[in-house]
Amino acid sequence: MKDPIVEIAFDRLIKLQHVDREIYTTNSLLEAIPAKVEAIDQGIRLTAEIVALAKDNLAANQKKRREFEGEVKVLKEQVAKFRRQLNDVKTNKEYSALLKEIEETAHKVEGIEEVILQEMISADDIEKEIKTAQDKQAVEESRLQEERKTIQAEQKELEARRDVLLKEREAILPTIPPDQARLYLRISRKMSGVAMSPVTDDFCSICQMRVRPQMLDDLMAMKEIMTCEACGRILYWVKPPEEEEDEADTTAGPE
């Protein structure tokens, strides 16, 4: 496909493509920032949740101890009541029954008090866990906050860079002939922002379609806009490094 055009603005089209690619990359980096910030916030929430969980465990432990202590209080009151009743019994059988009740209840008290002691030991361990978790939270939260500041600074730099690029793009577009600009923009929208492809080693560098010899000759002359027969992008010729070196030597002349 050939679109005969008097003035071919390859240099400006290539520059526009370069700016557009930088804008695309900058936008991609900016779009990734909210997820990074959310990951940091999630990390901060996680450290707080670990501390909160340890505190919940301590609260549950304390609640359980209060329940056991309340049960012990009730049982001790029963023992006291049984002891008072010993003075009122009239038979040995009733006396023995009360003694048995006192013994069994006292045994229950001992068992519960042993559980309370274990819960107190557990509470000490939980309090140590809370202290450790709080220390880790302080360190981790400080690190994450610094990381967030770095990302926010990066965001500002990227936004400033994007503003510069957008202004540069606005300055380039009017310098390109309208029909060429329209072609570029149409292909760019269709090809995810990549409207141009350099030809290297006789191939479209993006889709790797070989360029026909006659088309390649016309392309090297850079007098027409040509599009790749496979991917449809605007092709432009890039001189091999050795050719550029030869031209530079010729220009320089003999020493």
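All of the numbers you see were taken from the coordinates with simple rules; none came from a lab. Since this is a predicted model, take the numbers as computed values, not measurements. Note: ideal-geometry Cβ built from the backbone for every residue, glycine included; neighbour counts use all protein chains shown.
Quick notes on this one:
- Charge dipole (the chain, unit charges on Cβ, about Cα centre) - positive-most of Ile14, Leu173, Gln152: Gln152
- Within region 19-173: Cβ-based charge dipole about Cα centre, in debye rounded to nearest 20 (Lys, Arg +1; Asp, Glu -1): 640 debye
- Normalised by the number of residues in region 1-146, the average gap of Cα pairs under 8 Å and 6 or more apart makes the relative contact order 39 percent.
- Residue-wise HN-Hα couplings along region 82-95, as the Karplus relation 6.51 cos²θ - 1.76 cosθ + 1.60 with θ = phi - 60° gives them from phi, are 5, 5, 5, 5, 4, 6, 9, 5, 10, 10, 5, 5, 5, 5 Hz; Gly and Pro carry x.
- Interchain or long-range residues, amide H under 5 Å from Phe203's placed H: Val211
- Each residue of region 130-142 was assigned a 3J(HN,Hα) from its phi angle through the Karplus curve 6.51 cos²θ - 1.76 cosθ + 1.60 (θ = phi - 60°); the sequence is 4, 4, 4, 5, 5, 5, 5, 4, 4, 5, 5, 5, 4 Hz, with glycine and proline shown as x.
- When Thr150, Thr25 are arranged by Cβ crowding within 10 Å, least crowded first, meaning fewest neighbours, the order is Thr150, Thr25.
- Extension gain (nm, one decimal) between Ser192 and Glu170, 0.36 nm per residue minus Cα-Cα: 6.0 nm
- Karplus (6.51, -1.76, 1.60) ³J(HN,Hα), θ = phi - 60°, over region 35-47, in Hz, Gly and Pro reported as x: 5, 5, 5, 5, 5, 5, 4, 5, x, 5, 5, 5, 5
- Calculated [θ] (222 nm, deg cm²/dmol) that DSSP helices of n ≥ 4 give over the chain, each run adding -39,500 (n - 2.57): -28000 deg cm²/dmol
- For the chain, with +1 on Lys and Arg beta carbons and -1 on Asp and Glu, the positive-most of Leu98, Tyr184, Tyr24 along the dipole: Leu98
- Violating pairs (Cα-Cα greater than 27 angstrom) within the set Lys36/Lys128; Lys156/Lys239; Lys15/Lys239; Lys15/Lys190; Lys64/Lys131: Lys36/Lys128; Lys156/Lys239
- Between 0 and 90°, nearest 10: helix 241-252 axis offset from the chain longest Cα axis: 50 degrees
- Under-5 Å amide H pairs with Ile225, H placed in peptide plane, nonlocal only: Asp3, Ile5
- Only one residue of Ile116, Thr200, Gln42 has its Cα farthest out toward the positive end of the dipole of the chain, where Lys and Arg carry +1 and Asp and Glu -1 on Cβ, and that residue is Ile116.
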